[in-house]
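*Asks:* Let me begin by handing over the structure; questions about it come next.
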Amino acid sequence: MQAGAQDSLLAKRQTYLGVLSLPEKYKDEKNWGPEEQRIVGEHFQRLVKLKNEGVVVLAGRTQLETNDPAMMGLVIFYAKDEKEAETFMMNDPAVKNKIMLAKVYPYGIAVSSCK
């Protein structure tokens, strides 16, 4: 797809906010093993790939302890509709493997330095 066509397609998409949290099991550091770390690595690589493709605007997490109730990850991304946004979040490797829980909200960016 040519850059102009891709830009036009992305311009028609809506913005969503994905909020990631940990289930009780993974709020305890002793429940994190090599397999969980591997899956979270896949989660991160997927976000980087989708950022490079223009789908993810930004992603990150609060810098709090794993067991802090306010600890969460955020992903701002584009999707054509709510169903696609929900599918986007549910297909995350960490969500599919029940290491993270996900919620999706329609979102409007009011101020940004992201390009």
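Values quoted throughout were computed directly from the atomic coordinates according to the rules given, and no laboratory measurement underlies them. Computed from a prediction, not measured in an experiment: that's the story for all the values here. Quick reminder, even Gly has a Cβ in these numbers, built from the backbone with ideal geometry, and neighbours come from all protein chains shown.
*Asks:* Just Asp92, Asp81, Asp68 to compare: in a GNM of the chain, with alpha carbon springs under 10 Å, which one fluctuates most?
*Replies:* In the Gaussian network model the winner is Asp68.
*Asks:* Per DSSP helix of 4 or more residues, -39500 (n - 2.57); summed, then divided by the residues of the chain. What does that give at 222 nm, rounded to the nearest 500?
*Replies:* Roughly -10500 deg cm²/dmol at 222 nm, from the helical runs in the chain.
*Asks:* Rounded to whole Å and sorted largest first, what semi-axes of the equivalent ellipsoid does the C-alpha gyration tensor of the chain yield via the square root of 5 times each eigenvalue?
*Replies:* Details: eigenvalues 152, 44, 31 Å².
Equivalent ellipsoid of the chain: 28, 15, 12 Å, largest first.
*Asks:* Further question: What does the charge dipole of the chain about its Cα centre add up to, to the nearest 20 debye, if the Cβ of each Lys and Arg holds +1 and the Cβ of each Asp and Glu holds -1?
*Replies:* Approximately 260 debye in magnitude.
*Asks:* What is the count of Lys pairs in the chain whose alpha carbons sit under 19 Å apart, if the two are 8 or more places apart or on different chains?
*Replies:* Total qualifying Lys-Lys pairs in the chain comes to 19.
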